[in-house]
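Just below is one structure, and these are the notes that go with it.
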Amino acid sequence: MNETEAERQLLIVEDDDAFARALGRSFERRGYAVTQAGNLAEVEALLATGSPGYAVVDLKLNGEASGLAAVQMLHRHNPKTLIVVLTGFASIATAVEAIKLGACHYLAKPSNTDDIEAAFGRAAGTTEVELTNRSTSIKTLEWERIHETLAETGFNISETARRLGMHRRTLARKLGKQQVK
């Protein structure tokens, strides 16, 4: 395999098999060689045989697994891999952690192939991001605190509710209202 082929290797870490297949087909049409992993063990096994140039990682994987662990694993394996975190549970806390662990970008769902490919191209960052004067609402602050605690607990709903001092069902209801699909 030559260097160009290695650079066009894309790993999709996503536990929703239907979404992963659809995203994979879309990237294959753009010339990427796509492999898929549904959990951390599969990521580790795939890294034993190769090193993707690109990766799309879902933030919340089945069970208690966090996509942040996959980001860390991928970045440790090859710091040059461009990693985009894709999530329906976007928050500033998880975005910051994803970038610290080696992701080049963080996108909220719904995002399509164009958005993800553009994010790979913006890995270096830009100073052209528009700054707003809008103040943060109480609801946004609550949402951020919930997701910061979720990330700290490895997305364990019961433990997050305990730490926030609320009933688990209340937390689940709040997450259900805000979730972006």
Practice prompt. Just give me the residues in segment 138-181 being modelled with pLDDT of 60 or more, within 23 Å of P110 (Cβ to Cβ) and part of a loop (DSSP other than H, G, I, E, B), in sequence order.
Written response: F155
Response to the item:
Within segment 64-92, the residues that are open to solvent by less than 30 Å² (accessible area, probe 1.4 Å) and among the polar types (S, T, N, Q) are S66, T81, T87, S91
Worksheet item: Of the residues that sit in segment 8-30 and are farther than 23 Å from A69 by Cα and assigned to a helix (DSSP H, G or I), which one is least open to solvent (accessible area, probe 1.4 Å)?
Response: F27
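Taking segment 45-63 as the region of interest, how many residues are more than 17 Å from the chain's Cα centre (by Cα) and either surrounded by fewer than 18 Cβ atoms within 10 Å (Cβ to Cβ) or at positive phi (or both)?
Here is the first cut: in segment 45-63, the residues more than 17 Å from the chain's Cα centre (by Cα) are 45-51.
From the residues that got through so far, the ones that are either surrounded by fewer than 18 Cβ atoms within 10 Å (Cβ to Cβ) or at positive phi (or both) too are 45, 48-51.
Here the count works out to 5.
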Practice prompt. Could you please find all residues in segment 43-66 being at pLDDT below 90, within 28 Å of T160 (Cα to Cα) and not hydroxyl-bearing (S, T, Y)?
Written response: L59, K60, L61, N62, G63, E64, A65
Practice prompt. Could you identify the single residue in A95, A118, A33 that is under 19 Å from R8 (Cα atoms), open to solvent by less than 60 Å² (accessible area, probe 1.4 Å) and at pLDDT below 90?
Written response: A118
Worksheet item: Out of segment 61-115, which residues are among the hydroxyl-bearing types (S, T, Y) and under 15 Å from D16 (Cβ atoms)?
Response: T87, S111
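The values are calculated or read from the model by the stated rules, or taken from the named source; none is laboratory data. What you are looking at is a predicted structure, and each value in this text was computed from that prediction instead of being measured. Note: ideal-geometry Cβ built from the backbone for every residue, glycine included; neighbour counts use all protein chains shown. In case anyone asks, the SASA skips ligands and DNA or RNA and just uses the protein heavy atoms, side chains included. Shrake-Rupley method; radii C 1.70, N 1.55, O 1.52, S 1.80 Å.
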